[in-house]
Amino acid sequence: MAEAQPTLDDLRRQIDEIDITLQELIVRRAEVVTQVGALKNSLSGGARAVHMRPAREAIILRKLVERHRGPLSKATLVRMWCELMSASLRLEGSFSVAVCMPSAAEAGYWDLARDYFGSMTHLVPRESARQALGAVFDGEASVAVLPMPQSTDGDHWWRLLLSRDAKAPRIVARLPFGARGSERGAPVEALVVGPIVPEASGLDRSLIAVETAAELSRSALAAAFKAEALEPSFRVFGVGPAETGGYLHLIEVPGFLSPDDNRLTRLARGLGPALQQVWTLGCYAEPLTDAELGIAAKPKGGR
Ligand SMILES: C=C(O[C@@H]1C=C(C(=O)O)C=C[C@H]1O)C(=O)O
């Protein structure tokens, strides 16, 4: 005899049981997070600290995607975990995000911030990248969501990060990390900046600012990086003159580079007198790819 099909009530009863189990687990997770927050507060010695750990979040999201199965999309699961981790972060202490939003029509950074930091995190709009970053420097916001730098930018906000102070704000994440949600306007990319010590997630890219004398060519700069096995990509080439008269370049390299990495010392030596200064501005965990997220390649020209 064929087994009886479950009724709608049977299936809903199963869903109700699963929801109870899920909720119990979420309650337990929140209890552990509260302990993490207390531990972080005791380690920071009472100083006001930003508890976000983007590298740890990237590791969690990558593992989540790797072990996922079944019909629910990985992109949706990542979005759910982003909401969960941001809610956790708010349990540990105050957390808010200043977002570069020049006008109501340019809401791309807001959409990215909301997708990553969740709909309950306090987002504050600022008219320019410089103002959003200013909110972090003034302690009005924990982190800022800023446009990915381009050579054509009128205002190079990353120049405000040229500091040797270990507590200065740093680039710590890139958005979107998961799939793009519904967004307004043309798709944009952003960097997250905050007073957080950059950490390696295992698959990272680092951002370096290099100040050179005006005459140094792109190929000479690239050769010096390659000699140290640092494959450079120039995000911004030769804006200047800097305060000290040289030219500033924003360069991205694969991997995690801390300020005391000896490749930087050797790079400085290799560049010789043409080099004036090198700064590490932070790093970001490489975002999940469409292939990792199980998203089919888009047809050329389409979205
Ligand atoms: C719980 C932590 O704090 C935050 C919340 C996280 C989470 O919910 O898993 C992960 C990283 C942090 O941004 C942590 O640092 O482990």
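Data for the structure
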| item | result |
| --- | --- |
| Filter result for the condition that a residue is buried (at least 20 other Cβ atoms within 10 Å of the Cβ), in a strand (DSSP E or B) and more than 10 Å from the ligand (Cβ to nearest atom), over V78, V97 | V97 |
| Residue tally, condition of a type in the set (S, T, Y) and buried (at least 19 other Cβ atoms within 10 Å of the Cβ), over the range 267-293 | 2 |
| Near pairs, Cβ below 8 angstrom, 6+ apart or cross-chain, from the range 32-57 (more than 24 Å from A285 (Cα to Cα) and more than 7 Å from the ligand (Cβ to nearest atom)) to any residue that is hydrophobic (A, V, I, L, M, F, W, C) and part of a helix (DSSP H, G or I) | T34/L91 |
| Test: residue in the range 81-90 that is at pLDDT 95 or above, away from the ligand (no atom under 15 Å from the Cβ), in contact with a helix residue (DSSP H, G or I) (Cβ under 6 Å, 6 or more places away or on another chain) and in a helix (DSSP H, G or I) | no |
| The lone exception for S217 - which of (1) surrounded by 15 or more Cβ atoms within 10 Å (Cβ to Cβ); (2) out of contact with any strand residue (DSSP E or B) (no Cβ under 7 Å at 6 or more places or on another chain) it fails | (1) |
| Any hit, the range 68-75, residues being within 13 Å of the ligand (Cβ to nearest atom) and either in the same structural domain as L133 (by the TED database) or at pLDDT 95 or above (or both) | no |
| Residues of the range 28-59 that turn out to be within 30 Å of G294 (Cβ to Cβ) and assigned to a helix (DSSP H, G or I), as a count | 11 |
| Qualifying positions in the range 143-164 - surrounded by 13 or more Cβ atoms within 10 Å (Cβ to Cβ) and more than 24 Å from R114 (Cβ to Cβ) | S151, H156, R159, L160, L161, L162 |
| Meets criteria (closer than 30 Å to V78 by Cα, among the acidic types (D, E) and free of Cβ contacts under 8 Å to residues at least 60 places away in the same chain) for E252 | yes |
| Residue in the range 60-72 that is assigned to a loop (DSSP other than H, G, I, E, B), within 24 Å of the chain's Cα centre (by Cα) and not aromatic (F, W, Y) present | yes |
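The values are calculated or read from the model by the stated rules, or taken from the named source; none is laboratory data. The structure presented is a predicted model; accordingly, all values stated were derived computationally and were not measured. Here the Cβ is made from the backbone with ideal geometry for all residues, glycine too, and neighbour counts use every protein chain on show.
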